[in-house]
Amino acid sequence: MWPATHISLAWLNLTHNKRRLAVSIAGVVCTVLMMFMQVGFLHALFDGQLELLERLDTGLVVLSTRTRTLTDTTPFPQRRLAQALAVSGVVAVQPLYVASATWKNPHERRTRTIRVLAFDPMASVLRIPELERSRDALQWADTALFDVQSKPSYGRIAPGMRVELARHTLRIVGLFTLGTDFVYDGTVLMSDRNFGRFFPSRLSAEGALRRVDIGLLQLAAGVDPVLVQRAVLQIVPADVLVLTKAELRAREMAYWQDSTPIGFVFTLGTAVGFVIGVMICYQILFTDVVDHLPQFATLKAMGYTNRYLIAVVLQEALLLSGLGFLPGLGLTQVLYIVLARLTGLPFSLTVWRTGLVLLLTVALAMVAGIIAVRKVVSTDPAEVFA
Amino acid sequence: MSDEPVIRIRQVQHAFGTGEAQKQVLYDVDLEVMPGEIVIMTGPSGSGKTTLLTLVGALRTVQAGSLQVLGHELAGLSHKQLVAIRRNIGFIFQAHNLFDSLTAYQNVKMAMELHDCDAHEARARVTAILTTLGLAHRMHAKPHALSGGQRQRVAVARALVHRPKLVLADEPTAALDKDAGREVVTVLQQLAVEERAAIMLVTHDNRILDIADRIVNMVDGRIISDVVVQESVAMCAFLAKCPVFAQLTPTTLSAIVDKMTKERHTAGTALIRQGEVGDKFYLIRRGQCEVSIADGASQRVVNTLAEGDFFGEMALLTGTPRSATVVTTDETEVYTLGKEDFAAAVAASASFKEQLLKVFFQRQ
């Protein structure tokens, strides 16, 4: 039972007093949880905004330059898609039509606004698994699929029910899962042909849908979307944007960051969590440093350098952050599942978010350690003799 | 025994604070400590002895004067260089300052980690020193499980495990009972003897004064006495053996010894000459002298003096010129007492003069 050659003073100091250690870890766990909750909510809310985007079965997306977000589109001429189809690498183009319409709750007779998404039901436009069984049914007149994640105020909807949409009777032929966002509390899917019937104002004089809300450019396998994007932009007029999915994602995020306080609120929340974490860790480390001041001064008198003592305190900080982070991560997983069930928001613990919170946790412990260590550096070993 | 001193202090001054609030705490301090010497520093609190100790320990920057420790001049060294010097010194504090989180073994090991030493050797040394200090069975206990004496012994082990050639201790026994204190000083003594380490000890604990080779007394930032204990004891014994001083108390004797100055002379040196005015009293510490009286043109040797003998007192007492010439016949060490101090010593004892007169009478 010989101790290791090199004594880990940091570890032994930190773990010596078990009760203090438990309290310290609990403090860090709280900090970690607080930051995970803020980051979780922030992304859960934003992820909801990106759900439709993620379902688009496409390499490039065409939008009107006046469209600022997918939840509020301005239609652009369908010809732009035909023009884009001429570019090599583009194998198919698909129009997606979006409208909002009045929906009457079949049970309560109350009306609400619902989003209508329309496209060619036989084409691959949205990656929605439930679509496969209903492609034929959607080709019939006045049929639609209903999003089961729509808010309950739309009523309990089952396949076969007849409901009222935009003052027309609509038959629900199936259900699917998409989710809500800040603008729309519910969604129905229908064919482009039915869309023309429900929204005649979108038809041209010839009775065709000439203006598209979201255009999809489906690309040949293995081509670089960026190269195709460049080629398309050279031939289409400047009234449309051609975006990769990543660009669109960034654009949507930027829109919601700018137009809602969500980004600010939860970023601030994370920052507050960080600051509280610094204070908790500082308190823990400072207490430890002060308790060991005569010992640290003795080490200095023995010839230990300030650098060694700083390393000890920072190691303690690092260990503390690690010891707090792991249980915090475990608890977060549980809480995310609970919160996702309660709110219907997609809470997901991605590697990136885990990494972010880990980085913040280590950073806050380091900041606390650096503040606390000043006391050690300023300790005069001559004082021990006094 | 012809080593360089471990500590050589020359004209060291030290002050705390600056400007108006500046307070000088050390004045013109000179001190040398040789290998194997145990020096006890005494003096009232605030006398500057702890400041001196921290200066020697490279824990403070030398402000004025020269301070050589283990062959390095500390004046003008950078902080980094001072830190490097500290590694060769063993420090023992009044408080043990052990890490609660480390076992006795680990606490001692901390001192070894600063030295390039292979793991096996380091382990062996830590184990050996703890065993020497009677802690073999408590090696893996943490400080809270140890008694006060055991803790202080662990601190001593930590200070000594790297075999420093200089140990600085501040009240190392203050927190200990008599037996525990004795254990600690015994170990220090062994180190001084076996490793020829110099030990500088600040203490008010008079139970441990007996281990001192020298006792340095400081008052108000100055060294007011620096007594080589054995020498002082030997000198007192010499003085006390003489009928003249027999009546004096040890305190008075040692006060006289304190005032005496040591002189070394080669063979053939005339210490006093017949007919000169007397200015000093002499006591021979080592060596031999011949006493001769002018007999016409030639010198007649009347007596031979050796260790413990004294002379030169008559001229001081009677005010007459020297009655004989004393020449060393060997390498000789003498202690001398100046005229005024001699007169003061005589005045201290009424019987002293009578005794001396009796001695003179017998000599004639």
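The values are calculated or read from the model by the stated rules, or taken from the named source; none is laboratory data. Note that the structure is a prediction, hence the values are computed from the model and not measured. Don't worry about glycine lacking a Cβ; one is built from the backbone with ideal geometry, like all the others, and counts go over all protein chains shown. Accessible surface areas use protein heavy atoms only, side chains included; no ligands, DNA or RNA. Shrake-Rupley method; radii C 1.70, N 1.55, O 1.52, S 1.80 Å.
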| task | Provide Rg over Rh for chain A; use the alpha carbon set for both Rg and the Kirkwood Rh (inverse mean inverse pair distance). | result | 1.18
| task | Determine the shielding of peptide B:89-100 by partner chains: average, over its residues, the number of Cβ atoms on other chains within 10 angstrom of each Cβ. | result | 5
| Those residues of the range B:178-199 whose amide nitrogen sits under 11 Å from the label point placed on B:Arg163, 7 Å along Cα→Cβ | B:195-196
| request: Just tell me, in residue order, which DSSP H segments of chain A are both 24 angstrom or longer along the helix axis (alpha-carbon based) and at least 0.5 in mean Kyte-Doolittle hydropathy. | output: A:18-55, A:262-291, A:306-343, A:351-378
| message | Compute the helix-to-body angle for B:229-241: its Cα long axis versus the longest principal axis of chain B, expressed 0 to 90° and rounded to tens. | response | 30 degrees
| Want the number for B:Thr304 to B:Tyr27: 0.36 nm per residue separation, take away the alpha-carbon distance, what's left? | 95.3 nm
| field | Normalised alpha carbon radius of gyration of the range A:312-386 [divisor 2.2 N^0.38 Å] | value | 1.64
| Share of the range A:66-237's accessible area from carbon and sulfur, percent, 1.4 Å? | 49 percent
| task | State which entries of B:Lys142/B:Lys178; B:Lys259/B:Lys280; A:Lys104/A:Lys151; B:Lys109/B:Lys142; A:Lys300/B:Lys109 exceed 19 angstrom in Cα-Cα distance in the structure shown. | result | B:Lys142/B:Lys178
| task | Would you kindly work out the equivalent ellipsoid of chain B from its C-alpha gyration tensor and give its semi-axes, the square roots of five times the eigenvalues, largest first in whole Å? | result | 48, 22, 20
| query | For the range B:147-223, what is the largest minus smallest coordinate of the Cα atoms on each principal axis, given in angstrom and ordered from greatest to least? | reply | 36, 27, 19
| query | Which value, in Å² rounded to 10, gives the accessible area of A:Ser201 with a 1.4 Å probe and all protein chains present? | reply | 110 Å²
| Global form of the range B:95-246, assessed from the alpha-carbon gyration tensor, a/c cut-off 1.5 | prolate
| query | Between the helical axis of B:119-132 and the dominant principal axis of chain B, each derived from Cα atoms, what acute angle in degrees is found, rounded to the nearest 10? | reply | 60 degrees
| When the dipole is taken about the Cα centre of the range A:80-195, and only Lys, Arg (+1) and Asp, Glu (-1) are charged at their Cβ, what size is it in debye, to the nearest 20? | 340 debye
| field | B:Lys280, B:Lys165, ranked by accessible area, largest first (probe 1.4 Å) | value | B:Lys165, B:Lys280
| query | Suppose every K and R has +1 on its Cβ and every D and E has -1 on its Cβ; what is the size of the dipole of the protein assembly as shown about the Cα centre, in Debye to the nearest 20? | reply | 3240 debye
| message | Give the B-A buried accessible area in Å², both sides summed, 1.4 Å probe, nearest 100. | response | 2900 Å²
| said: Against the empirical 2.2 N^0.38 Å scaling, what ratio does the C-alpha Rg of the protein assembly as shown come to? | reply: 1.74
| field | Nearby aspartates and glutamates by direct alpha-carbon distance to A:Lys245 (threshold 19 angstrom, same-chain neighbours under 8 apart not counted) | value | A:Asp47, A:Glu51, A:Glu54, A:Asp57, A:Asp72, A:Asp181, A:Asp213, A:Asp224
| task | Rank B:Val12, B:Val83, B:Val29 by mean-square fluctuation in a GNM of chain B with C-alpha springs under 10 angstrom and give only the top-ranked residue. | result | B:Val83
| query | Taking a probe of 1.4 angstrom, what is the accessible area of A:His168 in Å², to the nearest 10? | reply | 80 Å²
| said: Which residues among the range B:71-113 fall inside the zone where the amide N is under 12 Å from a point 7 Å beyond the Cα of B:Glu194, along Cα→Cβ? | reply: none
| request: Show A:Asp136, B:Asp30 ordered by accessible area, largest first, where the area counts protein heavy atoms only and the probe is 1.4 Å. | output: A:Asp136, B:Asp30
| remark: Put B:Cys236, A:Cys30, B:Cys289 in order of accessible area, largest first, probe 1.4 Å, and you get A:Cys30, B:Cys236, B:Cys289
| Rounded to the nearest 20 debye, dipole of the range A:178-217 from Cβ charges on Lys, Arg, Asp, Glu | 240 debye
| note | For the protein assembly as shown, the per residue accessible area (1.4 Å probe, Å²) is 46 Å²
| task | Over every pair of different alpha-carbon atoms in the range A:1-149, take the mean of 1/r and invert it; report that Kirkwood radius in Å. | result | 21.2 Å
| remark: Whole-percent carbon and sulfur contribution to the accessible surface of chain B (1.4 Å, no ligands, DNA or RNA) stands at 50 percent
| query | Can you list, largest first and rounded to whole Å, the semi-axes you get for the range A:66-237 by taking the square root of 5 times each eigenvalue of its Cα gyration tensor? | reply | 31, 17, 15
| Roughly how crowded by other chains is peptide A:322-330, in terms of the mean Cβ count from those chains within 10 Å of each of its Cβ atoms? | 0
| said: Can you return the lysines within cross-link range of B:Lys23? Criterion is Cα-Cα under 17 Å, with same-chain partners fewer than 8 residues away left out. | reply: B:Lys49
| query | Using a 1.4 Å probe, how large is the accessible area of A:Tyr308, given in Å² and rounded to the nearest 10? | reply | 50 Å²
| Sites matching chymotrypsin sites (Phe, Trp or Tyr not before Pro) across the range A:124-199 that sit in DSSP coil, with at most 14 neighbouring C-beta atoms within 10 Å | A:Trp140
